[in-house]
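Engineer: Okay, here's the structure, questions in a sec.
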Amino acid sequence: MDDTVVLSAPLFSHMEPEASRALLESMTSLEFQRGTAIFHEGDPGDRLYVIARGKIKLGRRSADGRENLLAVIGPGEMFGELSLFDPGPRTASATVVADAVVLELDHAELNAWLADHPKVAIHLLQALGHRLRRTNETLADLVFSDVPGRVAKALLDLSTRFGEQVDDGLRVAHDLTQEELAQLVGASRETVNKALADFAARGWVRRDGRAVVLLDLPRLERRAR
Ligand code: CMP
């Protein structure tokens, strides 16, 4: 397992190396395959996770069974912290999108750790603040932006996590099915497909299975505004 990526998580940032190492050693490493539900919305939450490898989707389900994805996160990111700071049931379900290795830490252990390392709490707060900022933006986009604009934004957002430079652009291996991509954008599969086909026809993207190559970032950025 690549510790460097885990140690970049807010939980460890700006900590003395020995302290990070001690915390890392107190965490349990778990491996999950694509499709595994790590926990469900509404479950009691007693631990937090840091992703070492793979991708996790965080989603909610409506009473009639429709799904909405709040985020797709990857290595170095954490999840399962909300039910620690705001004790209560899990606010979303966490499901593996690409085979993953995650490290788990018991909330009680984390609380003890934070009492001894108060600076870490600031970094966790920053991560929460960042998440809230992003959620506000998504909420505004749902009200103010059209579907193609939201698709462009989702692709750019995914590229900041999973983008990899290739010859003709930025390859984003999101590992999402068309249905999951639509759930992330908050629109039907047909409308999201139409937007992607239109972007491809304009030469802004190239579709490549469960990946998209972003060919024209400036145009996508303009469309996302
Ligand atoms: P918790 O409520 O314990 O379990 C579900 C997790 O999903 C939650 O902690 C957060 O880590 C994560 N989560 C909830 N809402 C969002 C959001 N809007 N954006 C990103 N992650 C979220």
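None of the figures in this text is laboratory data; all of them are computed from the coordinates on show. The model shown is predicted, which means the values in this text are computed figures rather than measured ones. Don't worry about glycine lacking a Cβ; one is built from the backbone with ideal geometry, like all the others, and counts go over all protein chains shown.
Engineer: What do you get for the angle between helix 147-162 and the principal long axis of the chain? Use alpha-carbon atoms, 0 to 90 degrees, nearest ten.
Structural biologist: 40
Engineer: So the label point goes 7 Å from the Cα of ASP43 along Cα→C-beta, right? Which residues of region 119-163 then have their backbone N under 14 Å from it?
Structural biologist: none
Engineer: Another one. Angle check, please: helix 189-201 long axis (alpha carbons) against the longest principal axis of the chain (alpha carbons), in degrees 0 to 90, nearest 10.
Structural biologist: 70
Engineer: Determine the calculated [θ] at 222 nm for the chain from helices alone, applying -39500 (n - 2.57) to every DSSP H run no shorter than 4 residues and normalising by the residue count; nearest 500 deg cm²/dmol. Could you put the intermediate results ahead of the total?
Structural biologist: Values: 9 runs with 100 residues, N = 225.
Estimated from H runs of four or more residues: -13500 deg cm²/dmol.
Engineer: In what order do ASP64, ASP157, ASP216 fall by count of nearby beta-carbon atoms within 10 Å, going from fewest to most?
Structural biologist: Working: ASP64 5, ASP157 18, ASP216 15.
So the residues, fewest neighbours to most, are ASP64, ASP216, ASP157.
Engineer: State, in angstrom, two size descriptors of the chain derived from its alpha carbons: Rg to one decimal place and Dmax to the nearest whole number.
Structural biologist: 18.2, 56
Engineer: Between LEU124, HIS107, ALA94, whose Cα lies farthest towards the positive end of the dipole of region 1-136 when Lys and Arg beta carbons carry +1 and Asp and Glu beta carbons carry -1, centred on the Cα centre?
Structural biologist: Final value for the positive-end residue is ALA94.
Engineer: Starting from the Cα of THR160, move 7 Å in the Cα-to-Cβ direction to define the label point; list residues of region 1-20 whose amide nitrogen is under 17 Å from there.
Structural biologist: 9-10
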